[in-house]
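The block underneath contains the structure these notes are about, expressed in structure tokens.
The values are calculated or read from the model by the stated rules, or taken from the named source; none is laboratory data. Since this is a predicted model, take the numbers as computed values, not measurements. Don't worry about glycine lacking a Cβ; one is built from the backbone with ideal geometry, like all the others, and counts go over all protein chains shown.
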């Protein structure tokens with residue numbers, strides 16, 4: 001069955017693929033006519049042969065056989081040119097009509113065959129071909145009439161011998177044939193023209209629909225691509241937010257942010273500039289790719305407010321976009337980035353000042369729009385928060401280190417005073433159960449730490465060369481508690497000493513209020529101060545401003561107003 005499928009009328013042969021639909025319809029009609037005519041002629045010929053009639057010398061029978069063989073060839077050669085096949089078929093039909101007309105005259109089927117030829121030629125090849133075959137058929141009828149009447153001037157014969165039945169028949173049949181042929185050609189021409197216009201209109205509408213569909217698909221594709229690009233940008237911003245929240249080192253943070261933006265978005269270059277302390281230059285702190293690393297190593301920087309997009313963005317605190325860098329007036333032409341065609345500069349805005357800017361560049365023109373500015377500005381704002389947080393963290397670390405340094409100095413001074421006042425503080429303990437044992441002992445030293453400041457040391461001597469982690473942990477825990485207890489005791493002693501001083505000062509105040517003159521006040525002060533444990537002798541002098549105190553000591557004392565009190 002698959003062998004016959006290519007010959008079915010609904011199959012489009014290879015030569016007509018890509019042709020207009022009218023030619024495909026004509027080819028299908030032609031294939032249907034061939035198959036139908038082949039079937040009818042085969043049945044007719046078979047019936048005649050089976051009936052026993054002697055048709056061996058019949059010209060129509062011979063022609064019928066020729067028609068069948070030609071039809072089979074035309075059906076099987078469907079892959080060949082349609083014009084050639086249809087032309088051969090119409091020549092065959094014309095030959096049949098010519099033969100019948102010349103052989104049988106008006107009694108045969110010649111006129112019907114020619115009339116069918118005109119119709120088929122108009123359908124299979126167009127109205128012009130039908131008109132051409134009409135002219136040929138009309139001339140053929142004229143030749144046949146001349147042959148059968150014996151004259152080439154039918155009108156003259158009709159005028160002189162009007163009673164001639166053969167001439168009248170040829171004239172009437174010829175006129176009828178002409179009228180019918182003209183009607184057929186005109187009708188088929190109008191019908192085929194209308195069909196062609198309808199098909200052209202349908203094809204045009206189909207092309208418009210296809211164009212609209214293609215345009216819609218393109219818009220959907222562009223919209224999908226835009227949404228995917230926006231999704232990548234949003235994911236990049238989210239990833240950068242996670243990086244910002246986990247990294248406190250500014251240099252590492254800048255480099256990772258630049259690399260993430262460049263890798264996720266597929267851009268040509270991403271650089272991060274930070275304004276220096278003087279606010280004069282925007283210094284490149286991180287850049288993507290080898291070009292960025294080279295510029296960072298070279299100390300690349302741009303003047304704030306200078307003739308560059310970064311300088312303009314940092315000075316004006318606004319984003320600047322260049323869709324075509326070739327016509328951008330305010331731009332630094334970087335030799336490290338020769339393939340840049342579009343660029344955008346996004347300021348990194350702090351609370352009170354501009355911290356820096358992002359430089360984002362692409363190899364394509366018109367690569368950025370307002371949506372990109374919004375997302376990139378969000379990334380820059382997150383980066384600004386990270387920069388301020390990093391600076392605050394660094395400042396807090398410095399403050400904390402300063403506090404720790406002051407605390408160490410305070411503890412060192414406080415315990416130094418304790419050692420000065422109390423002497424060297426140490427205590428030793430020897431375990432009686434282990435003292436009698438002989439053998440090598442191993443010392444183990446443990447510092448006594450109070451807020452990371454060593455205030456003492458513990459030395460353990462044991463037969464064990466190495467202590468287990470549990471033993472060390474227990475000793476360190478005991479020493480930590482010991483340090484806290486010692487500090488509490490020192491603070492308590494210091495508090496008691498200060499309380500005693502306050503009490504002593506209160507006693508001084510009470511005694512001073514009881515004194516009646518200057519001499520008693522001085523005497524009371526010297527006596528009370530001289531009773532302090534660390535005072536060996538106390539003296540007090542009164543002298544006017546600017547007077548040499550030593551000279552005053554050699555002057556005679558009288559009335560008790562300039563006399564020395566010793567204790």
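Scanning for something touching a residue at least 12 places away in the same chain (Cβ under 8 Å) and surrounded by fewer than 12 Cβ atoms within 10 Å (Cβ to Cβ), does the range 256-275 turn up at least one residue?
The answer is no, given that none of the residues of the range 256-275 is touching a residue at least 12 places away in the same chain (Cβ under 8 Å) and surrounded by fewer than 12 Cβ atoms within 10 Å (Cβ to Cβ).
Is one or more of the residues making up the range 118-136 more than 19 Å from residue 187 (Cβ to Cβ) and more than 60 Å from the chain's Cα centre (by Cα)?
Looking through the range 118-136, at least one residue is more than 19 Å from residue 187 (Cβ to Cβ) and more than 60 Å from the chain's Cα centre (by Cα).
Got at least one residue in the range 385-407 being in the same structural domain as residue 262 (by TED's automatic domain parsing), in contact with a strand residue (DSSP E or B) (Cβ under 7 Å, 6 or more places away or on another chain) and within 30 Å of residue 348 (Cβ to Cβ)?
yes
Can you say whether residue 425 is outside any helix (DSSP H, G or I), surrounded by 10 or more Cβ atoms within 10 Å (Cβ to Cβ) and touching a helix residue (DSSP H, G or I) at 6+ places or on another chain (Cβ under 9 Å), as far as the supplied structure shows?
Here the answer is yes, as residue 425 does meet what is asked.
From 396, 382, grab the single residue that is surrounded by 15 or more Cβ atoms within 10 Å (Cβ to Cβ) and part of a helix (DSSP H, G or I).
After applying the criteria, what remains is 382.
Looking only at helices (runs of 4 or more DSSP H) that lie completely in the range 35-146, which have at least 2 residues being assigned by TED's automatic domain parsing to the domain that holds residue 184, surrounded by 13 or more Cβ atoms within 10 Å (Cβ to Cβ) and modelled with pLDDT under 75?
Per the criteria, 59-76.
Identify all residues within the range 448-468 that are in a strand (DSSP E or B) and either touching a residue at least 60 places away in the same chain (Cβ under 8 Å) or more than 14 Å from residue 414 (Cβ to Cβ) (or both); write none if there are none.
If the condition is that a residue be in a strand (DSSP E or B) and either touching a residue at least 60 places away in the same chain (Cβ under 8 Å) or more than 14 Å from residue 414 (Cβ to Cβ) (or both), then 448, 449, 457, 458, 459, 460, 461, 462 are the ones that fit.
Just wondering, is there one or more residues in the range 325-332 that are modelled with pLDDT of 80 or more, part of a loop (DSSP other than H, G, I, E, B) and out of contact with any helix residue (DSSP H, G or I) (no Cβ under 7 Å at 6 or more places or on another chain)?
Checked against the condition, which is being modelled with pLDDT of 80 or more, part of a loop (DSSP other than H, G, I, E, B) and out of contact with any helix residue (DSSP H, G or I) (no Cβ under 7 Å at 6 or more places or on another chain), the range 325-332 yields no hits at all.
Could you figure out which of (1) surrounded by fewer than 21 Cβ atoms within 10 Å (Cβ to Cβ); (2) in contact (Cβ under 8 Å) with a residue 40 or more places away in the chain isn't true of residue 319?
For residue 319, the failing item is (1).
Which of the residues that make up the range 333-356 are part of a loop (DSSP other than H, G, I, E, B) and farther than 11 Å from residue 308 by Cβ?
Correct list: 335, 336, 337, 338, 339, 340, 341, 350, 351, 352, 353.
Return yes or no: is residue 374 touching a strand residue (DSSP E or B) at 6+ places or on another chain (Cβ under 6 Å) and either outside any loop (DSSP other than H, G, I, E, B) or within 18 Å of residue 263 (Cα to Cα) (or both)?
Against the criterion (touching a strand residue (DSSP E or B) at 6+ places or on another chain (Cβ under 6 Å) and either outside any loop (DSSP other than H, G, I, E, B) or within 18 Å of residue 263 (Cα to Cα) (or both)), residue 374 does not qualify.
Within the range 404-415, is there a residue that is assigned to a helix (DSSP H, G or I) and over 30 Å from residue 534 (Cα atoms)?
yes
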